[in-house]
Amino acid sequence: ISRIWSLDHPIEIKPGMVFALETQHGKTHRYGVRIEEMLIVHDDDDHVEIISNFPVKEITAVEVM
């Protein structure tokens, strides 16, 4: 579901759906990082499972030169 498309044509999120949630941090055209997490929506109330296996917590921040 693209946010460009979904603003005009919202889609209900339902159990069983799988998403790639992309986040980005940094300065445009200078530096940054983009992290993608894969999520599964479950039947439980508001239960989402992260199924990505990239060790996001191990990312080391460095000072910009």
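When you check Ala61 against the structure, is it outside any loop (DSSP other than H, G, I, E, B) and either of a type in the set (A, V, I, L, M, F, W, C) or exposed (fewer than 10 other Cβ atoms within 10 Å of the Cβ) (or both), yes or no?
no
In region 34-50, what count of residues is obtained for those that are within 18 Å of the chain's Cα centre (by Cα) and either free of Cβ contacts under 8 Å to residues at least 12 places away in the same chain or surrounded by fewer than 11 Cβ atoms within 10 Å (Cβ to Cβ) (or both)?
5
Just to be sure before I move on: is Glu36 part of a loop (DSSP other than H, G, I, E, B) and modelled with pLDDT of 80 or more in the structure I sent?
The answer is no for Glu36.
Looking at Glu63 and the list (1) at pLDDT 80 or above; (2) among the acidic types (Asp, Glu); (3) out of contact with any strand residue (DSSP E or B) (no Cβ under 7 Å at 6 or more places or on another chain), which single condition is not satisfied?
It fails just one condition, (1).
Read through the list (1) modelled with pLDDT under 85; (2) of a type outside the set (Phe, Trp, Tyr); (3) in a loop (DSSP other than H, G, I, E, B); (4) surrounded by 10 or more Cβ atoms within 10 Å (Cβ to Cβ), then give the number of the only condition that His25 fails.
Only one criterion is unmet by His25, namely (3).
On the given criteria, is Asp8 in contact with a Gly (Cβ under 9 Å, 6 or more places away or on another chain), of a type outside the set (Ser, Thr, Tyr), in a loop (DSSP other than H, G, I, E, B) and at pLDDT below 90?
no
Could you please tell me which pairs satisfy a Cβ distance under 7 Å, a separation of 6+ or placement on different chains, a first residue in region 9-30 that is more than 17 Å from Glu49 (Cβ to Cβ), and a second residue that is surrounded by 10 or more Cβ atoms within 10 Å (Cβ to Cβ)?
Within 7 Å, the pairs are Ile11/Ile1; Glu22/Glu36; Thr23/Ile35; Gln24/Gly32; His25/Gly32; His25/Val33; Gly26/Gly32; Gly26/Val33.
The values are calculated or read from the model by the stated rules, or taken from the named source; none is laboratory data. Predicted model, so just to flag it, every value in this text is computed and none were measured. Counting neighbours? That spans all protein chains shown, and the Cβs are built from the backbone with ideal geometry, glycine included.
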